[in-house]
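First the structure, in the form of structure tokens, and then the observations on it.
The values are calculated or read from the model by the stated rules, or taken from the named source; none is laboratory data. If you're wondering where the values come from, they're calculated on a predicted model, not measured in any experiment. A quick note on method: Cβ atoms are made from the backbone with ideal geometry, for glycine too, and the neighbour counts reach across all protein chains shown. Heavy atoms of the whole protein, side chains included, go into the accessibility calculation; ligands, DNA and RNA do not. Shrake-Rupley method; radii C 1.70, N 1.55, O 1.52, S 1.80 Å.
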Amino acid sequence: MKIGLIDVDGHNFPNLALMKLSSYHKEKGDSVEWYNGLEYYDKVYMSKIFTFSPDEKRVIQAKNVIRGGTGYDIQKKLPYHIENVDPDYSIYPMHQYSIMFFSRGCIKKCPFCLVWDKEGKINSVGITGLNPDGKHIEVLDNNFFANPLWRDAVMFLNKTKQYVNLHGVDIRIMNEEKAHALNSMKLKGSSIHIAWDNPKDDIIPNLKQMLKYVKRYKIMCYVLIGYWSTPEQDYERIMKLSELGVDPFVQPYRDYHNKRIPTQYEKDFASWVNKKERFKSFSFKDFEPRKGFKCGIYLKNKIQFNHERV
Ligand code: SF4
């Protein structure tokens, strides 16, 4: 069979499902290539992770077209026999790293997050092969330390002797043992991603405990805004993180259908925090994103949000 692949989001980050589909079909003796729009294929797989990525515009020339990924259908999953094959990293030669999951799902059910709808309760998953040309590992677990087998995952990662980026570290369940495990891993700057999504969660005691073992420059903290917090709460979270030397990164809330447009305040706040030269040089109240408009007004006016999901 002649198989075509389309990575609808572009090739900025390897698409794990397409890599697994490629391996599966190559093992069966099929020919697999990126869909080129010129030839006719027996089967074309289109994968789209993000709802905001523009859809493929071409008329697909194939007997069978299969669409998958969260951007198309939150429920659709790879069949078990394909989910567990080793990914074919050769289709993304420009990305010299491995992508790994040790678990799927989560223990939490945050109302703004799709993970529970998509993957349900946390469960450990089988370890797939590393990229033979990989220089480091991107660990994409939603909640790495909620996995009951997290100690095995740490042991595996340490055995590879490669640098690791941990994308989902839940600071709310951090403790001394987990912080110690983090300290045992090869981590570069901003490679541990934590989040402070709800201003009502006091993450500071756990963060302080983590900082006894982990260097602050290795941590980056996502801060959700525009969902259930006021500008004062946003500002407070940012300043508390900054006082501890932890790098904040603001994310305005986006809904699954990508209908919600961030407010001007959210854009201005993100633009101040996320551009580090601004964040380090002047305060938010003195930020003047447009002539004659200073952001201090947002804090003075106590802007309230529409917290409803769109
Ligand atoms: S902890 Fe993170 S992954 Fe889990 S439900 Fe909340 S936001 Fe989603």
* **From the options L149, L140, L166, residue that is among the aliphatic types (A, V, I, L, M) and away from the ligand (no atom under 16 Å from the Cβ)** => L149
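Scan K20, K43 and give me the residue that is assigned to a strand (DSSP E or B) and at pLDDT 95 or above.
Details: K20 fails: assigned to a strand (DSSP E or B).
Just one listed residue meets the conditions, K43.
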* Which residue pairs have Cβ atoms under 6 Å apart, sit 6 or more places apart or on different chains, and have a first residue in the range 268-283 that is within 18 Å of Y222 (Cβ to Cβ) and of a type in the set (A, V, I, L, M) and a second that is open to solvent by less than 40 Å² (accessible area, probe 1.4 Å) and assigned to a helix (DSSP H, G or I)? -> V273/I238; V273/F279
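Residue check: is Y227 open to solvent by less than 20 Å² (accessible area, probe 1.4 Å), among the hydroxyl-bearing types (S, T, Y), within 17 Å of the chain's Cα centre (by Cα) and over 16 Å from G189 (Cα atoms)? It would help to see each step written out before you state the result.
On the way: open to solvent by less than 20 Å² (accessible area, probe 1.4 Å): yes; among the hydroxyl-bearing types (S, T, Y): yes; within 17 Å of the chain's Cα centre (by Cα): no; over 16 Å from G189 (Cα atoms): yes.
For Y227, the condition - open to solvent by less than 20 Å² (accessible area, probe 1.4 Å), among the hydroxyl-bearing types (S, T, Y), within 17 Å of the chain's Cα centre (by Cα) and over 16 Å from G189 (Cα atoms) - is not met.
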* **Subset of the range 75-125 (residues that are closer than 20 Å to P14 by Cβ, in a loop (DSSP other than H, G, I, E, B) and within 16 Å of the ligand (Cβ to nearest atom))** => F101, F102, V125
* Could you pull out the residue among G71, G134 that is more than 11 Å from the ligand (Cβ to nearest atom), in contact with a strand residue (DSSP E or B) (Cβ under 6 Å, 6 or more places away or on another chain) and in a loop (DSSP other than H, G, I, E, B)? => G134
* Output the number of residues of the range 140-156 satisfying the condition of being open to solvent by less than 30 Å² (accessible area, probe 1.4 Å), in contact with a Ser or Thr (Cβ under 9 Å, 6 or more places away or on another chain) and not charged (D, E, K, R). => 7
* Asked: Only one of these conditions is not met by V250: (1) open to solvent by 30 Å² or more (accessible area, probe 1.4 Å); (2) without any contact (Cβ under 8 Å) to a residue 40 or more places away in the chain; (3) closer than 21 Å to V169 by Cβ. Which number is it?
  -> (1)
* Asked: Within the range 25-37, how many residues are crowded, with 21+ Cβ neighbours inside 10 Å and under 26 Å from the mean Cα position of the chain (by Cα)?
  -> 0
* Asked: Name the pairs: first residue in the range 131-149 and acidic (D, E), second residue within 16 Å of the ligand (Cβ to nearest atom) and open to solvent by less than 20 Å² (accessible area, probe 1.4 Å), Cβ to Cβ under 7 Å, at least 6 apart or on different chains?
  -> D141/F102; D141/S103; D141/N147; D141/G168
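Does Q304 count as at pLDDT 95 or above, open to solvent by 50 Å² or more (accessible area, probe 1.4 Å) and not in a helix (DSSP H, G or I)? If you could, list the steps in order and put the result at the bottom.
Working: at pLDDT 95 or above: no; open to solvent by 50 Å² or more (accessible area, probe 1.4 Å): yes; not in a helix (DSSP H, G or I): yes.
When the stated conditions are applied, Q304 does not pass them.
Any idea which of Y40, Y72, Y89, Y80 is surrounded by 15 or more Cβ atoms within 10 Å (Cβ to Cβ) and more than 18 Å from the chain's Cα centre (by Cα)? Talk me through it step by step, then tell me what you get.
Numbers: Y40 fails: surrounded by 15 or more Cβ atoms within 10 Å (Cβ to Cβ); Y72 fails: more than 18 Å from the chain's Cα centre (by Cα); Y80 fails: surrounded by 15 or more Cβ atoms within 10 Å (Cβ to Cβ).
The match here is Y89.
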* Asked: Only one residue in Y213, Y235 is among the aromatic types (F, W, Y), free of Cβ contacts under 8 Å to residues at least 40 places away in the same chain and open to solvent by 50 Å² or more (accessible area, probe 1.4 Å). Which one?
  -> Y213
